[in-house]
Each structure stands twice: as structure tokens, then as C-alpha cells.
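Working notes for the structure below.
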Amino acid sequence: MKVLLINPNRVLLPPVPPIGLEYLSASLVKGGHDLRLLDLTFHNDVVEVIDEVVSAFMPDICGVTVRNVDSVLFHDNEFYLDSIRDIVQLLRIKHCRKVIIGGSGLMVSPEGVLDYLGADYAVAGPAEGIINELLAAVRSGYAVKRVWKGLFLPYSSCSRITSDIAYQKYYDSGGIAGFETHKGCSSSCIYCLEAHTPVAYKQPDDVIREIRGFVETGHSHFHLCDAEFNEDLDHAIEFCSALRKENMNMQWAVYMKPANYNQKLFRLMKETGVNLITLTMDSFKKCPLYWADAEKMIFSAQSNGIRIVVDFLTGFPYEDGNLLSWCLDFFQRLQPDRVNINTFIRLYKPLMITKIIERDEALRPYIHGSVNSKEMILPIFYNQIDSGWLREHVSADKMFNVEGDEKGVNYSRS
């Protein structure tokens, strides 16, 4: 079949290359399909370029990725699905093409996002291992289920096609290339859609081959697309050890959690070019060992000369001001390079935090946004901390940043 993949993500702070579509492209080519990837990031007239490509390529089916439903932040929230829906409807109504949607944004509610966009099929989860089966079902003409569950087999090949992406434009606009060492996350964070998702690791040699391809073309800065790099300590050390042997001149930024670490890992990360760690933390019912691990990881990063930024989510139900004050004192004592504080918790239907809030009428006044959105696709947040008080409380310390004050990601703004 002739397949047109479309990246509708046009956020430029910074622009993020569509790594998921690059992996999916390789799977489609391996399956014998004729492929075209259309990246709309830097196009001003989306309708015109889609019309041109569809008319010239004449695809049998189109795939549109949904990286995010919205910008997740409460202040100046950007909702992306309406513009993606326009693209889906352009393909279906004007060009009479069936449309498959996929991407991490579907974790909100696969059926709900599918219905909102008006697409034909959805793949929830990694599509590389299932896309060819889906297309075979569509081509057969028999009844095809609307929502497919994606899968990625552990240590399977992670081929990737990057030729259709104008990476130089991304570099010139502040974007950098990404790579993955695994998919999924075993953590149990009650506010995260990726929590408790199946974890599948990639062969370090396969990942290094991807990185080498970028380095050989003159690009040396990367960000890791894993949920958390230290999902498994042994795998993280294995990857860093293999990367060190390659002696590539590169720098890379990672996300980590307060767990699964030792001094060897931090030393290897420094030796392989890690220049920024974002430590993901929250205040929900944490035991003393959690804070002890966070303290040791911040110290380990600092002692190895690696910048470390903390993304800190707080203001959960039944927390009081004393806990927040303790947390602020904790970070002031440790002095990481930056602490980004977010007190607006994005609610999604499948999350445990949502169920906790729905069970208690006393918490309803703290809900903001589209409260009547049944599937919670439209932006809806929980907040019980006064933003004015928080800003005043931390204004004297430039280490703190209250989310909403500026846009961007840590690797570009730190």
C-alpha cells in the first residue's frame, strides 16, 4: 500500500523531530509499503502542502501522529486536537482517504481521541510492531476493529528512517535530535499516563548505530526520549559502557527518577557526554528514602559536573502548606541548578489521581477547566495552591521557576 505519514506538530519552543514516525517508517518499508513522510512543522500553509502531496503521491491510507493533546500547563494552555482534527477531516472529506491516528497523545483515551478527531483507526501504544498487521486487515476489506493495541518486542531491532526530516531546520530553530534506549515505564506515579506501561529495552548497539548516524553528519547534541533513563540500572550502565567505547564527541540530556542509580552510572554518564539531568519528582505520599535518593542523586550529578534540574509536581489532595514549605527548604539546601515547580495537575480519565478527586466532593472547588468533558480530553486541572503566594514565597531565589512563567523545555532553557 501507499502510506502517507503526517506530523502535524508545529510547536516551535523548541521544535521536536517526529522520532516515532521515523521508527514507524522503517517498519512500513520493511513490510513492503510505499512510504512518504510529510513533516508540517515548518510549513505555514498546511492545507496547501497536504493538497499538493496527496495529489502527487496518491496514498491509499494516511497516518497522523498525536504527540500531545495539549501543552499540559494550565497557564496559557495550548490545545492541539482542533488543528489536528482539521487535518484529519481534510484527508477524509476532501481527499477521501482513511486515516490512522497514533502517538503518545492517545494514552489520554484512545476511543475518545479517535472520536474527537473523526479518524478511522487508532493505535494505542508503539505502532512499529502492529502497523503492518493493521494495514493487512484494511487491505483485506473485512471489518477492522477501530482501536489497536500497539506493541514493541524487547530487544527487537529499532531501525529508523530519518531522510524525510529536514534536521538542519530543527537545529537552526533550537531543536535537537532524540533517541530511545527503551519504551514504557514501570513507575506508579498516580498523575502519569505512562505509568505501569510495558517496558521493552533496546539493544545498545542498535541505539548507538542511530547516534553515530547523526554524529557522522556533524550533529553532536541529543536528548533522550525515554520516560526515565534509569528505568533499570543494569541496562543504563550497559548502554553507557557501550557508548563510552565508541568515543563519540556528543552531549546528551536525560530524564531520571529518584531510584536505580550508583556512582558508576553517574561517572559513565559524565564520560559519555551527559550535560543535563532532569530529575522528575513529586510530593505525593513519599517516604524518607525517596527524599534521601533525590538528595544523593543531586549530589552525584553535582560532584560529576553534570547540571541537574528538578521538575517538581506538588499540591496533591490532602497536602498542606507545611509540606510544600518543607520541600522548598529541601531544594534550597541542596541547590540544584533549577527547580521547576508545577502546582496544576493535569487530570485524565484513566488516572488514579482523577479517581481520588472524583470520590471527594470537598475537592471539586479546586478543579479548573473543562469540567464537563466526559473523556477529559479538553484541558482540566486540579490546583489547591495559590500561585501568587508561591511566586512571592520563592521570588528571592532565582533557582526556582514556577511553571507558566516561561515556555520551553529544560534542554533549551537551562
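The values are calculated or read from the model by the stated rules, or taken from the named source; none is laboratory data. Not measured: the values here are computed from a predicted model. Neighbour counts run over all protein chains shown; Cβ positions are idealised from the backbone, glycine included. Calculation scope for accessible area: heavy atoms of the full protein, side chains included, ligands and nucleic acids excluded. Shrake-Rupley method; radii C 1.70, N 1.55, O 1.52, S 1.80 Å.
Calculated accessible area for the chain comes out at 45 Å² per residue, all protein chains present (probe 1.4 Å; ligands, DNA, RNA ignored).
The slack in the chain from Trp326 to Lys98, taken as 0.36 nm per residue of separation less the alpha-carbon distance, amounts to 76.7 nm. Net length available on complete extension from Glu111 to Tyr167 is 16.9 nm, with 0.36 nm assigned per residue and the Cα-Cα distance removed.
Charges were assigned to the Cβ only: +1 to each Lys and Arg, -1 to each Asp and Glu. The resulting dipole of the chain about its Cα centre is roughly 640 debye. DSSP finds beta bridges in the chain, and of those with both partners inside it, around 15 percent are antiparallel. Once the C-beta distance of Glu271 and Glu319 is scaled by a Förster radius of 45 Å, the resulting FRET efficiency is 0.70 to the nearest 0.05.
Going by accessible surface with a 1.4 Å probe and the largest first, Val3, Val147 read Val147, Val3.
By the beta carbon rule, with partners counted only under 4.7 Å, the chain holds these lone Cys residues: Cys62, Cys96, Cys158, Cys185, Cys225, Cys240, Cys287, Cys327.
Highest mobility in the GNM of the chain, judged by mean-square fluctuation with C-alpha springs under 10 Å and restricted to Thr181, Thr278, Thr197, is found for Thr197. Take every Cα pair under 8 Å whose residues are at least 6 apart in sequence, average their separation, divide by the length of the chain, and the relative contact order is 13 percent.
Give me the net charge of Gly305's neighbourhood, meaning all other residues with Cβ under 14 Å from the Cβ of Gly305; Lys, Arg count +1, Asp, Glu -1.
So the surrounding residues net to +1.
Distance between Cα centroids, region 7-39 to region 148-165: provide it in whole Å. The two parts, judged by their Cα centres, are 11 Å apart.
Summary: within the chain, the longest segment free of GluC sites (Glu not before Pro) located in DSSP loops with at most 12 other C-beta atoms within 10 Å is 1-215. Any idea what the relative contact order of region 212-267 is, in percent, if you count C-alpha pairs under 8 Å spaced at least 6 apart? In percent, rounded to a whole number, it is 50. Solvent-accessible area assigned to carbon and sulfur over the chain amounts to 51 percent, based on a 1.4 Å probe.
When you restrict to C-alpha pairs under 8 Å that are six or more residues apart and normalise by the size of region 32-135, the relative contact order lands at 24 percent. When the helices of the chain are scored as -39500 (n - 2.57) per DSSP H run of n ≥ 4 and the total is divided over every residue, the value at 222 nm lands at -10000 deg cm²/dmol. Highest mobility in the GNM of the chain, judged by mean-square fluctuation with C-alpha springs under 10 Å and restricted to Met269, Met248, Met297, is found for Met248. Counted without the sites themselves, the longest stretch of the chain free of chymotrypsin sites (Phe, Trp or Tyr not before Pro) in a DSSP loop having at most 14 other beta carbon atoms within 10 Å is 156-317.
With R₀ set to 30 Å, the beta-carbon distance separating Thr217 from Arg244 gives a calculated FRET efficiency near 0.90. Each Lys or Arg adds one and each Asp or Glu subtracts one; over the other residues with Cβ under 14 Å from the Cβ of Asp34, this totals +2.
Largest GNM mean-square fluctuation across Ala127, Ala253, Ala396, computed for the chain with C-alpha springs under 10 Å, falls on Ala396.
Stretching the chain fully between Val147 and His368 yields a gain of 76.6 nm (0.36 nm per residue, less the alpha carbon separation). Between the helical axis of 131-140 and the longest alpha-carbon principal axis of the chain there is an angle of about 30 degrees. Separation of region 332-380 from region 279-296 is 19 Å, based on Cα centroids.
Electrostatic tally near Val254: other residues with Cβ closer than 9 Å to its Cβ, Lys and Arg +1, Asp and Glu -1, net -2.
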